[in-house]
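Since the structure comes first, as structure tokens, the remarks are kept for the end.
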Amino acid sequence: MTNKTCVCTIIGPRHTGRSFKGGVGNSGYTLKDGSSRSTFSLLDPYRENGESKHHTLLNLGGDFAIPRDQWPHLTTSIEAKLKGESALVFYDDETFHRTVDDIVTKLLDQGYDIYQRKRFHFIDPEQTEPLDTRTFVGERACLNLINTLGIADMLVEIGMNQNQAKRTIASIIGRMLSPGSEVHTADWIQHQSSILSLLDLESANYRSLYRCAETLYEHRHAFIEKLYGPSRAMLQDGSTLMLYDLTNTFYTGKKRGELLEFGVSKEKRKDCPLVSLSLMIDGSGLVRNVEILPGNISEPKTLKQAVAPLIGSDATVIMDAGIATQENLMYLKEQQLDWIAVDRRKSPPMPSRAPECVFETADGVPVKAWALTEEESPQTTENADINQEEARNERCICVHSQAKQGKEEAIHASKCKKYIEEVTQIHEGLSKPNHMKNYTLILVRLGRLKQKYGSVSGEFEVKVTPKPESEYAESVTITRREGCEEGMADTGVYILRTSHTDWDVQETVKTYWRLTEIEAGFKMMKSDLGLRPIFHHDDKPIGAHLFITVIAYHLINLLRKQLAKGGIRKSWKTIRNEMNQCKRVTTRLETRGPGYIIVKADQKLSPFLSTIFQILRVRYSPRSTRIVEVHRVDDTEPKGSSQVENTPPPEVPPDS
């Protein structure tokens, strides 16, 4: 049906005080068969920001019998009856009066109040009081992405009800915008964010967030599988690269459960139990698999579980030397998965021939690379047949980086300096009171230093001279052995192994360098997304806390990829801080009449935030989000309105 509307509105006589200002309009509809119909409505016109608008009070139907020239008198009579005044006799027409009575009855039945309808109040500016400010920009951006991916439906599919799904979404958005514990997230939801109103959620205390997070953690594999497909489709990225690595973080409380175990801490916290995070992401930074493991887990033992979702695909797994054992590489071959890794075997000398390619890193640091022959490649065993079989199925590349060389030389020089200083301190202590002087104890101390600085102690010769006919030492000397300066010739060199025998040398090296993306992800999760510190004691809350952080990281990567296409390449911390500057302000306006007004309005978006909304295609209209609640002293519930005149109602005239 084609709608061709032509509204004719007749506004009734204007009055002082609370005027009705009603009108009757008709609209015409043309049907497919060419016939036309008309309907009539009682309209209430008003002006807002200089624009003429109206809303429909009552549908009068298509057989409205009052002639057009009687409409002004009709609205005047309706207004008088609604105010309780005596009826104004314009026509001695039973149909006219019956229509007036019928319209008034219907308006009163639907709760229409002529004294509450008006749109202007007199505000006392000296008693304006701001009540509350809440963030809304980041919430709208994150919720728009979550709705696009259909995460709410995914949560329902894994067994959550609607309220649990909403609380889980609120918890994820809280981790993205205001990282912290579940207690902090609950406080942020209740007092700092507008997420409750956006999700149409009444409340979210920290206990309910705990339960939702634990449910999500129990179904983590199914949820990641559901989330990965739509995320990849959104980016339209067909990359088959998979980056795999592990990290750990510490817990400062008392050890409980099976996850918290003492191990080698990435943050050098040997005094604290650890929990490990195993993460696999694809070339776009999207999470493909995640596992929460004990803090003392052996890195090579985690690979089989991590690559389980990849079996049967054409993925290429990129990993560091700590994971790339010969057993793991053989397992990847059996599963027909390709791989690139740093060789764990003892590296051969750097080839003396010219490199096959010379290129630069993103920072302009020169890099040389050689494709090693079978004779130049490191040997796994003494069995020549096995080595020849491996050489045919894989490729070894020798890489020399000046940046790596400079770093290794700096570390080596620092260790040498510290070793010399500690040995020198032992010698100087021989002439100071309260210092070690016993010859035997000094030898023990030097043995421990040699073990501590094992990588450099072999370059030095330490000699302890005893005092004649005494148990004390006379001197301790340290000198560098001859020719040890030449031991740094092969620094900055490492060997890459890959199953891609047909790949270009430069392409292979640069592909392996992408492993730094997952390391940057770990850094972001620990510093910007609240992965640490851990405040939980038991295994389920610990795993849930870490898993929520990983999901937040996944969604942030999606947002940043979209923003990068629009030219915004700032860090998430910078974007988040800018988003949190814009607030939704709730203000109480005291009126000169018996009541007050509550206004909830969003601050104006900055040009930067407006650009973000345009890139992310967030549908947002500040005018449509504004809420005005009019409260009268004797009201039990607020009356919704945008502009209402607030003058006392007139006295009811006595019966004549």
Counting other Cβ atoms within 10 Å, which GluC sites (Glu not before Pro) in segment 246-282 have at most 13 and lie in a DSSP loop? Glu258, Glu267
Proximal charge balance of Ile158 [Cβ under 13 Å; K/R count +1, D/E count -1]: -3
Using a 1.4 Å probe, how large is the accessible area of Lys106, given in Å² and rounded to the nearest 10? 90 Å²
Just to confirm the filter: which GluC sites (Glu not before Pro) across segment 132-212 are DSSP coil and have at most 11 other Cβ within 10 angstrom of their Cβ? Glu202
Quote to one decimal, in nm, the extra length available between Asp200 and Lys467 on full extension: 0.36 nm per residue of separation minus the C-alpha distance between them. 87.6 nm
Over segment 480-555, how many percent of alpha carbon pairs lie in each 10 Å bin up to the one with the longest distance? 14, 25, 19, 23, 14, 4
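For segment 399-514, compute Rh as the Kirkwood radius over C-alpha pairs and then the Stokes-Einstein diffusion coefficient at 25 °C and 0.890 mPa s; write the answer in µm²/s, rounded to an integer.
142 µm²/s
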Applying 1/(1 + (r/R0)^6) with R0 = 22 Å to the Cβ-Cβ distance of Met234 and Glu214, what FRET efficiency is obtained, to the nearest 0.05? 0.20
Put a dot 7 Å past each Cα toward the Cβ at Gln603 and Val156; how far apart are the dots in nm? 3.6 nm
In terms of solvent-accessible area of protein heavy atoms at a 1.4 angstrom probe, what is the ranking of Glu517, Glu394, Glu51, highest value first? Glu51, Glu517, Glu394
Probe 1.4 Å, all protein chains in place: accessible area of Glu225 in Å², nearest 10? 100 Å²
Given a 1.4 Å probe, the accessible area of segment 186-262 per residue, as a whole number of Å², is 48 Å²
With a 1.4 Å probe and all protein chains kept in place, how much accessible area does Lys417 have, in Å² rounded to the nearest 10? 130 Å²
Aspartates and glutamates near Lys565 by alpha-carbon distance under 20 Å, same-chain residues fewer than 8 away left out - which ones? Asp237, Asp282, Glu517, Glu578
Using DSSP to define loop residues, name the GluC sites (Glu not before Pro) in segment 413-498 whose beta-carbon has at most 15 other beta-carbon atoms within 10 Å. Glu469, Glu471, Glu482
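Using a Förster distance of 60 angstrom, determine the FRET efficiency expected from the C-beta separation of His184 and Glu474, and round it to 0.05.
Values: r = 62 Å, r/R0 = 1.03.
Computed FRET efficiency for His184 and Glu474: 0.45.
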At a Förster distance of 56 Å, what's the computed FRET efficiency of Ser414 paired with Ser621, Cβ-Cβ distance as r, to 0.05? 0.40
In terms of Cα to Cα distance under 27 Å, which lysines are near enough to Lys333, apart from those fewer than 8 places away along the same chain? Lys301, Lys304, Lys346, Lys510
Length gain on complete extension for the stretch Ser86 to Gln402, per 0.36 nm per residue less the alpha carbon to alpha carbon distance? 103.9 nm
Calculate what fraction, in whole %, of the accessible area of segment 177-276 sits on carbon and sulfur atoms when a 1.4 Å probe is rolled over the protein chains. 48 percent
Tell me the net charge near Ser194. Cut-off is 11 Å between Cβ atoms, Ser194 excluded, with +1 for each Lys or Arg and -1 for each Asp or Glu. +2
Nitroxide proxy distance, nm - points 7 Å out along Cα→Cβ at His537 and Ala308: 3.0 nm
Using a 7 Å offset from the Cα along the Cα-to-Cβ direction at both Val365 and Ser52, what is the distance between the two label points in nm, to one decimal? 7.2 nm
What is the diffusion coefficient of segment 240-369 in µm²/s, taking the Kirkwood radius over Cα pairs and the Stokes-Einstein relation at 4 °C with a viscosity of 1.567 mPa s? 76 µm²/s
What does a probe at Val264 reach in segment 235-254, counting residues whose amide N is under 17 Å from the point 7 Å along Cα→Cβ? 245-250
Would you list Arg269, Arg569 from the most to the least accessible area, probe 1.4 Å? Arg569, Arg269
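Ranked from the most accessible area to the least, with a 1.4 Å probe and all protein chains present, what is the order of Lys404, Lys418?
The residues order as Lys418, Lys404, largest area first.
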Whole number in Å², please: accessible area per residue of segment 428-565, 1.4 Å probe, ligands, DNA and RNA not counted. 52 Å²
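The values are calculated or read from the model by the stated rules, or taken from the named source; none is laboratory data. This structure is a prediction, so every number in the text was calculated from the model and none was measured. Heads up, the Cβs are rebuilt from the backbone with ideal geometry, glycines too, and the neighbour counts pull from every protein chain shown. For accessibility, only protein heavy atoms count, side chains too; no ligands or nucleic acids. Shrake-Rupley method; radii C 1.70, N 1.55, O 1.52, S 1.80 Å.
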